[in-house]
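Undergrad: My structure is below; once you've seen it, I'll send some questions.
The values are calculated or read from the model by the stated rules, or taken from the named source; none is laboratory data. Keep in mind the model is a prediction, meaning the values are calculated, not measured. Note that we place each Cβ from the backbone using ideal geometry, even for glycine, and neighbour counts take in every protein chain shown. Keep in mind that these areas ignore ligands, DNA and RNA; they rest on the heavy atoms of the full protein, side chains included. Shrake-Rupley method; radii C 1.70, N 1.55, O 1.52, S 1.80 Å.
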Amino acid sequence: MDTQQTRQGIGYALGAYFIWGIAPAYFKLVKEVPPTEIMTHRVIWSALFMLVLITLSRSWKQVSTVLAQPKKVLLLALTAVTIGGNWLLFIWAVNNQHMLEASLGYFINPLINVVFGMLFLRERFRRLQWVAVALATTGVLVQLWQFGSLPIIGLGLALSFALYGLVRKKIQVDAQSGMLIETAWLFPLAAIYLFGFADSATSHLSANPLSLNLKLVAAGIVTTIPLMLFAAACARLRLSTVGFFQYLGPTLMFLLAVLFYGESLTPDKMVTFGFIWLALAIFIIDAIAFSARTRVRIA
């Protein structure tokens, strides 16, 4: 890959993970809206935004190719439910003072990806990967044993996003087509709930201030733009290189939670974060060493 492509890819990756990292600040701006309603707006406006984006980029041919494969369309219904659950849990966590635990979930996620790769893709663990996963597991078990609690939100976010990534990898659908079809699956449910069942102070859009409605429409942009940047980064960089940027998102969430939103690092969280960060340090060292060995063999 040439230098210009690499620079572009790094820019796209930084943009994607930066937006994902500060996304909690957006959800805080609409915290007066119930999480289920924010979720419906996220689905509805994402679907409409994707329609415009695919039309402007003239990508309907790729969408038609996917639609001609019923098995992939049905599997995208599964990924839609999975990512929808992940979005809803994340919104609820952010607006109920659990942003630290949400960031923990995305720190755990790459380690869960490694486990899923071994279980479902027949990938082999390297020695340091075993150590990293063992440390992460220890952190969770220590919290359970010492403090009598599990990081349910963090584990829920990590497992749902890892499952989403696994299925999307298996069905091999491009980012734009996949996003459109996933949101199309969720669109009827979101619309029926928002316009038929939701009954809160913010559910009647005509009664909301214009500023609030514009913020809710922005949910589609907050959802789709980083995904498109991520796809562009993957097209220009090695996947292993893109992977190193994934820690930017949860790091920004962690800093937002502690420095701006007053969440405290309780002893149980400190123990678990300590083990997870140590596990990630070993995980990154192993990845760098493996990449270096691979380049030497190729050369």
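Undergrad: Check off (1) closer than 21 Å to Pro110 by Cβ; (2) more than 16 Å from the chain's Cα centre (by Cα); (3) of a type in the set (Gly, Ala, Ser) for Gly196 and give me the number that stays unchecked.
TA: The number of the failed condition is (1).
Undergrad: If a residue has to be closer than 11 Å to Gly156 by Cα and not small (Gly, Ala, Ser) to count, how many in segment 89-111 make the cut?
TA: 7
Undergrad: What is the one condition in (1) surrounded by fewer than 20 Cβ atoms within 10 Å (Cβ to Cβ); (2) more than 23 Å from Pro24 (Cα to Cα) that Ile152 does not satisfy?
TA: Unmet condition: (2).
Undergrad: Within 19 Å of the chain's Cα centre (by Cα), under 21 Å from Trp92 (Cβ atoms) and not charged (D, E, K, R) - does that describe any residue in segment 130-152?
TA: yes
Condition check ((1) at negative phi; (2) in contact with a Ser or Thr (Cβ under 8 Å, 6 or more places away or on another chain); (3) of a type outside the set (A, V, I, L, M)) across all residues:
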position	(1), (2), (3)
Thr183	yes, yes, yes
Ala198	yes, yes, no
Ser211	yes, no, yes
Lys215	yes, no, yes
Val222	yes, no, no
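Undergrad: Additional query: Can you tell me which of (1) farther than 22 Å from Met39 by Cβ; (2) hydrophobic (A, V, I, L, M, F, W, C); (3) at pLDDT below 90 is the one Leu255 doesn't meet?
TA: (3)
Undergrad: Then there's this: Could you please find all residues in segment 166-211 being in contact (Cβ under 8 Å) with a residue 40 or more places away in the chain and among the small types (Gly, Ala, Ser)?
TA: Ala175, Ser177, Gly178, Ala184, Ala190, Ala191, Ala198, Ser200, Ala201, Ser203
Undergrad: Would you be able to tell me the number of residues in segment 41-83 that are touching a Gly at 6+ places or on another chain (Cβ under 8 Å) and open to solvent by 50 Å² or more (accessible area, probe 1.4 Å)?
TA: Number of matching residues: 3.
Undergrad: Select from segment 110-150 the residues that are polar (S, T, N, Q) and within 13 Å of Ala279 (Cα to Cα) and list them in ascending order.
TA: Gln129, Thr137, Thr138
Undergrad: Still on this structure, I have one more. From the set of residues in segment 109-128 that are in a helix (DSSP H, G or I) and either basic (Lys, Arg) or in contact with a Leu (Cβ under 7 Å, 6 or more places away or on another chain) (or both), which is surrounded by the fewest Cβ atoms within 10 Å (Cβ to Cβ)?
TA: Arg127
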